[in-house]
Amino acid sequence: MTVQEMLEHIEYEEVAACPVCRETDKMVDLITDVQVNRPSQAWRICLNCEHTFVSPRPTEAFLKKFYTDGYREMVYRLKEPESPERIPVGSVNEERHRSIRVSTMLFRVKERVANHLDVGSSTGALCAGIIDMLSPKVSWGVEPNEAWRKFSEKAFATVPPGDDKKGEAHFVPTLTKVPKTLKFELVTLIHTLEHLREPRELLEQCRDRMRPSGIIAIEVPNRYGGLPNPLLWPHLHCYTEDTLKRLVESVGFYPLLFETFGNHPPFYPPPQSIVVVAAMQKPELSMENVLTRYNLYRNAVGHIQGQMAQARPSYEVG
């Protein structure tokens, strides 16, 4: 079945309660987003917490097949079946830039982490960035698409032993395949939560797999920003800073910092993405913690200045 045929036979179900606050009586229709090359979607908003979500939404069975067999073919307009040898260069470049950005941002919160879990790991670029910047002994990537997962495994297998490789990486199709004995110090969900039917459920699962000292980094599209349409298919949720904060707090996390990304010069459109970094434990306000945070930020600045100095010759040459 082609992607187009798949999209012509979507199975839907109504959403009975707000996915963030579980409110059942204050959900109203917001807008129907009509798209040219993708299915239209009916969006609702919860008047209790302001979260925006799709209802009716595709069923779990449909989404599982779509993300396994059709998502990237649709997004990157692939003309041949997916395979580890035919990963679109646009995807690789996008995720390489995202890896540098996210790992550098996390360097402001922790200098090192013992281990790392990335849910929605795609090409494995973020796992590589975290290994390079934060030196975990192991990074686990969860990616349901077999071609992208095999690409990740192949890419890590080609790294020569001892060649700046500080940790190992493993890639699995579902979170249930990650050993339950592992407790993670860092969990990342980068442009993942907007695609899930029940984002709160996944956050609860991640929370249960984390160490008490652990942190989680989440990036999602900004409801009010970006050049791409944040309401486009197959997004099932659209967040603001307020609704993302409500979501992470609803499962017991404590937000440490918020960032926005994607407002590129020279025209500076509204930020495309929102990022929150949250902790398992509530941070204490003390001189030690404030100075530690200050030093982490200055270390991150020093690292970036070093990168800029190395890159300057190429910029001058053009």
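The values are calculated or read from the model by the stated rules, or taken from the named source; none is laboratory data. Small disclaimer: the values here were computed from a predicted structure and weren't measured. Note that each Cβ is placed from the backbone with ideal geometry, even for glycine, and that neighbours are counted across all protein chains shown. What goes into the accessible areas is simple: the full protein's heavy atoms, side chains included, and nothing from ligands, DNA or RNA. Shrake-Rupley method; radii C 1.70, N 1.55, O 1.52, S 1.80 Å.
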Residues of the range 19-44 satisfying the condition of being open to solvent by less than 80 Å² (accessible area, probe 1.4 Å) and in contact with a Ser or Thr (Cβ under 8 Å, 6 or more places away or on another chain): 20, 21, 27, 33, 40, 41, 42, 43, 44
Any hit, the range 256-267, residues being open to solvent by less than 10 Å² (accessible area, probe 1.4 Å) and not in a strand (DSSP E or B): no
Output for the range 77-116, where each listed residue is without any contact (Cβ under 8 Å) to a residue 24 or more places away in the chain, surrounded by 15 or more Cβ atoms within 10 Å (Cβ to Cβ) and not in a helix (DSSP H, G or I): 78, 88
Enumeration of residues in the range 120-142 that are in contact with a strand residue (DSSP E or B) (Cβ under 6 Å, 6 or more places away or on another chain), outside any helix (DSSP H, G or I) and surrounded by 24 or more Cβ atoms within 10 Å (Cβ to Cβ): 121, 124, 139, 140, 141
Cross-chain or 6+ apart pairs with Cβ under 7 Å, the range 195-216 first and closer than 26 Å to residue 17 by Cα and open to solvent by less than 80 Å² (accessible area, probe 1.4 Å), then of a type in the set (S, T, N, Q) and assigned to a helix (DSSP H, G or I): 200/250
Residue satisfying condition, being of a type in the set (S, T, N, Q) and either under 22 Å from the mean Cα position of the chain (by Cα) or under 28 Å from residue 121 (Cβ atoms) (or both), within set 52, 32: 52
Residue check, residue 235 open to solvent by 10 Å² or more (accessible area, probe 1.4 Å), in contact with a His (Cβ under 9 Å, 6 or more places away or on another chain) and at negative phi: yes
Filter result for residue 291 (more than 16 Å from the chain's Cα centre (by Cα), within 30 Å of residue 180 (Cα to Cα), open to solvent by 40 Å² or more (accessible area, probe 1.4 Å) and modelled with pLDDT under 95): no
